[in-house]
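Novice: Here it is, the structure, as structure tokens.
The values are calculated or read from the model by the stated rules, or taken from the named source; none is laboratory data. Keep in mind it's a predicted model, so treat the numbers as computed, not measured. Reconstructed Cβ throughout: ideal geometry from the backbone, glycine too, with neighbour counts over all protein chains shown.
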Amino acid sequence: MPRSERSSLLLAGLLATAGVAHFATPRPFEATVPRALPGSPRTWTYASGIAELVLAAGVALPRTRRVAGLATAAFFVGVFPANVKFAVDQRRRPAPRKAAAFGRLPLQLPLVLWARSVAKSAEGRS
């Protein structure tokens, strides 16, 4: 299996796992939903879970990989405020929880770059 195919399937697996987790254990995700968003946190949690599952399918399929990769990069940028909110909410927690929450923030950039790389690797195959 070519490296770009492996990378695409790994990203699809990550997205699918996260998407399923939004439905299996929604409460931790609800805590990250910014209060400024209208509606209930559960609705946003389920909506983002659906989005991740759709993106996972799109990234897994070669025909839709380029567009899905770009959409995934945009999704990762779009959920960054939720990660910031979560980190800010954890600032008075014990050091390990706080470190984990703030440590997630710089991981968003490699995720965005990974999704863009998947999209770029699919450009010649569309």
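Novice: Just to verify a result, which residue in the stretch 91-112, among those that are without any contact (Cβ under 8 Å) to a residue 12 or more places away in the chain and closer than 30 Å to residue 2 by Cα, is surrounded by the fewest Cβ atoms within 10 Å (Cβ to Cβ)? Steps first, please.
Specialist: So in the stretch 91-112, the residues without any contact (Cβ under 8 Å) to a residue 12 or more places away in the chain come out as 91-100, 103, 106-107, 109-110.
Okay, now just the ones that are also closer than 30 Å to residue 2 by Cα, so 106-107, 109-110.
On the way: 106: 8, 107: 11, 109: 12, 110: 11.
The residue in question is 106.
Novice: Another one. Evaluate the following for residue 28: is it in a loop (DSSP other than H, G, I, E, B), of a type outside the set (Gly, Ala, Ser) and farther than 23 Å from residue 121 by Cα?
Specialist: In short, no.
Novice: Here is a further query. Could you tell me whether the stretch 35-48 includes any residue that is modelled with pLDDT of 95 or more, out of contact with any Gly (no Cβ under 6 Å at 6 or more places or on another chain), surrounded by fewer than 19 Cβ atoms within 10 Å (Cβ to Cβ) and within 21 Å of residue 109 (Cα to Cα)?
Specialist: Within the stretch 35-48, none of the residues are modelled with pLDDT of 95 or more, out of contact with any Gly (no Cβ under 6 Å at 6 or more places or on another chain), surrounded by fewer than 19 Cβ atoms within 10 Å (Cβ to Cβ) and within 21 Å of residue 109 (Cα to Cα).
Novice: Would you be able to say whether some residue in the stretch 35-57 is touching a Ser or Thr at 6+ places or on another chain (Cβ under 8 Å), at negative phi and among the charged types (D, E, K, R)?
Specialist: No, the conditions are met nowhere in the stretch 35-57.
Novice: List, please: which pairs have Cβ atoms under 6 Å, are six or more places apart or on different chains, and start with a residue in the stretch 57-69 that is within 13 Å of residue 5 (Cα to Cα) and end with one that is basic (Lys, Arg) and part of a helix (DSSP H, G or I)?
Specialist: Hits for this filter: 59/65.
Novice: Now a separate question. Might you check whether a residue that is surrounded by fewer than 17 Cβ atoms within 10 Å (Cβ to Cβ), aromatic (Phe, Trp, Tyr) and closer than 19 Å to residue 32 by Cα occurs anywhere in the stretch 71-86?
Specialist: yes
Novice: Which ones in the stretch 77-96 are basic (Lys, Arg) and in a loop (DSSP other than H, G, I, E, B)?
Specialist: Here is the first cut: in the stretch 77-96, the residues basic (Lys, Arg) are 85, 91-93.
The answer is 91, 92, 93.
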